[in-house]
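Here the structure is laid out as structure tokens; the discussion comes afterwards.
The values are calculated or read from the model by the stated rules, or taken from the named source; none is laboratory data. Keep in mind the model is a prediction, meaning the values are calculated, not measured. Backbone-built Cβ (ideal geometry, glycine too); neighbour counts: all protein chains shown. Surface areas here come from the heavy atoms of the whole protein model, side chains and all, with no ligands, DNA or RNA. Shrake-Rupley method; radii C 1.70, N 1.55, O 1.52, S 1.80 Å.
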Amino acid sequence: MFGLIGHLTSLEHAQVVARDLGYAEYADQGLDFWCSAPPVIVEDLKVTSITGQVIEGRYVESCFLPEMLATNRMKAATRKIINAMAHAQKNGINITALGGFSSIILERFNLDQLGRIRNIKLEFERFTTGNTHTAYIICRQVEQAAPKLGIDLSKATVAVCGATGDIGSAVCRWLNGRLDVAEILLIARDRQRLQNLQAELGRGKIMALDEALPKADIVVWVASMPQGVEIDPEVLKKPCLLIDGGYPKNMATKFQSPGVHVLSGGIVEHALDIDWKIMKIVNMNVPGRQLFACFAESMLLEFEAIYTNFSWGRNQITLDKMDMIGRMSIKHGFKPLML
Ligand code: NDP
């Protein structure tokens with residue numbers, strides 16, 4: 001059995017969803033209530049591969065909300081993730097993806113040092129961040145969408161916002177090693193980590209976001225921001241491809257600007273329908289087929305009976321592992337979301 005640990009994008013989103021799902025007691029509550037709410041298994045799922053194989057899984061809502069980080073409720077945030085993991089394990093799930101901020105919190109607060117949650121000894125090998133598949137899908141989105149917009153990758157400048165992160169650094173490795181892109185712009189806040197990445201790649205220009213945006217033909221957004229940033233479309237090149245892989249989204253602006261193309265990053269489309277509610281809740285355009293690539297990673301590991309934390313830690317995603325998860329993704333019928 002595979003599992004998905006997810007969370008909603010804001011308190012407002014959580015209240016609407018709680019009402020829709022019939023959890024009336026959660027719907028009118030504020031952040032304090034969500035800070036103390038326990039994890040819930042919201043759905044049991046079945047997924048069919050194009051090979052005909054069928055697997056079963058469960059969606060665990062951690063009740064974490066990004067506002068917990070924005071308001072410094074770190075203890076609540078960490079408790080949400082650890083409790084959701086213990087809940088998944090207790091319910092017999094073999095391999096669980098840590099969606100959105102779950103793996104970021106795990107890493108930021110060294111939660112993998114924790115041995116025991118009450119009477120449960122956490123078995124970390126039952127969890128994966130899902131970031132290898134997410135990075136692979138974003139790279140394929142760059143590769144496939146750019147030519148459709150007349151962007152020649154060999155002449156293109158690609159900016160990566162969140163370049164030093166787990167997904168961002170893997171994307172940079174792929175841009176450097178697999179795609180013939182003209183220039184890579186590296187954006188994040190911590191200068192030392194940016195310099196380390198630049199040294200590893202042997203290239204890349206370190207730049208502030210404001211400086212990078214007017215220069216980029218493509219922007220990959222994979223920064224861990226609890227709230228999106230506003231962008232002025234006037235400063236962007238035309239055409240410009242913006243691939244937003246953030247959850248919640250990195251870009252707060254909804255674009256309707258000629259020549260500016262926004263693609264939801266790290267999203268896959270399955271060849272067959274999945275009977276579930278959860279992707280409608282997170283506002284996927286085609287909720288029966290579209291899902292986060294990190295969630296799909298736990299499905300792929302279940303299909304292939306690989307019960308290990310395939311993606312773990314930070315900045316350890318290799319091109320070989322991206323190739324490997326990419327082969328599984330194609331074999332079982334997942335495709336990168338396109339424009
Ligand atoms: P990490 O925490 O590993 O990396 C985050 C990166 O963002 C770092 O480079 C960090 O560097 C940078 N960053 C954070 N805040 C800012 C800021 N204000 N301005 C510029 N850079 C910033 O995160 P992940 O790689 O695990 O995840 C990245 C994003 O992808 C998250 O939004 C996450 O929710 C989403 N995600 C999407 C998935 C999908 O399936 N589509 C799956 C998993 C994650 P610094 O701190 O130095 O600024």
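One table, with the values for the structure above:
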quantity: Subset of the range 271-301 [at pLDDT 95 or above, open to solvent by 50 Å² or more (accessible area, probe 1.4 Å) and in contact with a strand residue (DSSP E or B) (Cβ under 8 Å, 6 or more places away or on another chain)]; calculated: LEU272, VAL286, ARG289
quantity: Residue in the range 87-101 that is least open to solvent (accessible area, probe 1.4 Å), counting only those that are part of a loop (DSSP other than H, G, I, E, B) and within 13 Å of the ligand (Cβ to nearest atom); calculated: GLY99
quantity: Of residues in the range 189-205 being within 14 Å of ALA159 (Cα to Cα) and more than 14 Å from the ligand (Cβ to nearest atom), the one least open to solvent (accessible area, probe 1.4 Å); calculated: ARG203
quantity: Among residues of the range 145-186, those that are more than 11 Å from the ligand (Cβ to nearest atom) and hydroxyl-bearing (Ser, Thr, Tyr), counted; calculated: 2
quantity: Single match in PRO248, PRO258 (criterion: within 15 Å of the ligand (Cβ to nearest atom) and modelled with pLDDT under 95); calculated: PRO248
quantity: Within the range 294-339, tally of residues that are part of a loop (DSSP other than H, G, I, E, B) and basic (Lys, Arg); calculated: 1
quantity: Tally of residues being loosely packed, with under 15 Cβ neighbours inside 10 Å and either within 11 Å of the ligand (Cβ to nearest atom) or without any contact (Cβ under 8 Å) to a residue 12 or more places away in the chain (or both) across the range 111-138; calculated: 5
quantity: Selection from the range 323-338 of residues that are aliphatic (A, V, I, L, M) and in contact with a Lys or Arg (Cβ under 8 Å, 6 or more places away or on another chain); calculated: MET338
quantity: Flag if VAL142 is assigned to a helix (DSSP H, G or I) and either more than 30 Å from ILE81 (Cβ to Cβ) or more than 13 Å from the ligand (Cβ to nearest atom) (or both); calculated: yes
quantity: Residue within the range 73-91 that is of a type in the set (A, V, I, L, M) and within 30 Å of ARG178 (Cα to Cα) present; calculated: no
quantity: Residue identified as open to solvent by 30 Å² or more (accessible area, probe 1.4 Å) and assigned to a strand (DSSP E or B) among ILE41, ILE55, ILE50; calculated: ILE41
quantity: Condition met for ILE151 (closer than 27 Å to ASP210 by Cα, open to solvent by 10 Å² or more (accessible area, probe 1.4 Å) and of a type outside the set (Lys, Arg)); calculated: yes
quantity: Any hit, the range 73-83, residues being assigned to a helix (DSSP H, G or I), open to solvent by 40 Å² or more (accessible area, probe 1.4 Å) and within 14 Å of the ligand (Cβ to nearest atom); calculated: no
quantity: Tally of residues being among the β-branched types (Val, Ile, Thr), open to solvent by 30 Å² or more (accessible area, probe 1.4 Å) and touching a residue at least 60 places away in the same chain (Cβ under 8 Å) across the range 302-339; calculated: 3
quantity: Positions within the range 154-171 being surrounded by 17 or more Cβ atoms within 10 Å (Cβ to Cβ) and out of contact with any Gly (no Cβ under 7 Å at 6 or more places or on another chain), in sequence order; calculated: ALA156, THR157, VAL158, ALA159, CYS161, ALA163, THR164, GLY165, ASP166, SER169, ALA170, VAL171
quantity: Positions within the range 102-138 being in a helix (DSSP H, G or I) and over 19 Å from MET299 (Cα atoms), in sequence order; calculated: ILE104, ILE105, LEU106, GLU107, ARG108, LEU111, ASP112, GLN113
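Yes/no per residue for (1) within 28 Å of TRP221 (Cα to Cα); (2) in the same structural domain as PRO248 (by TED's automatic domain parsing); (3) of a type in the set (Gly, Ala, Ser):
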position: MET68; (1), (2), (3): yes, no, no
position: GLY100; (1), (2), (3): yes, no, yes
position: ASP112; (1), (2), (3): yes, no, no
position: ARG118; (1), (2), (3): no, no, no
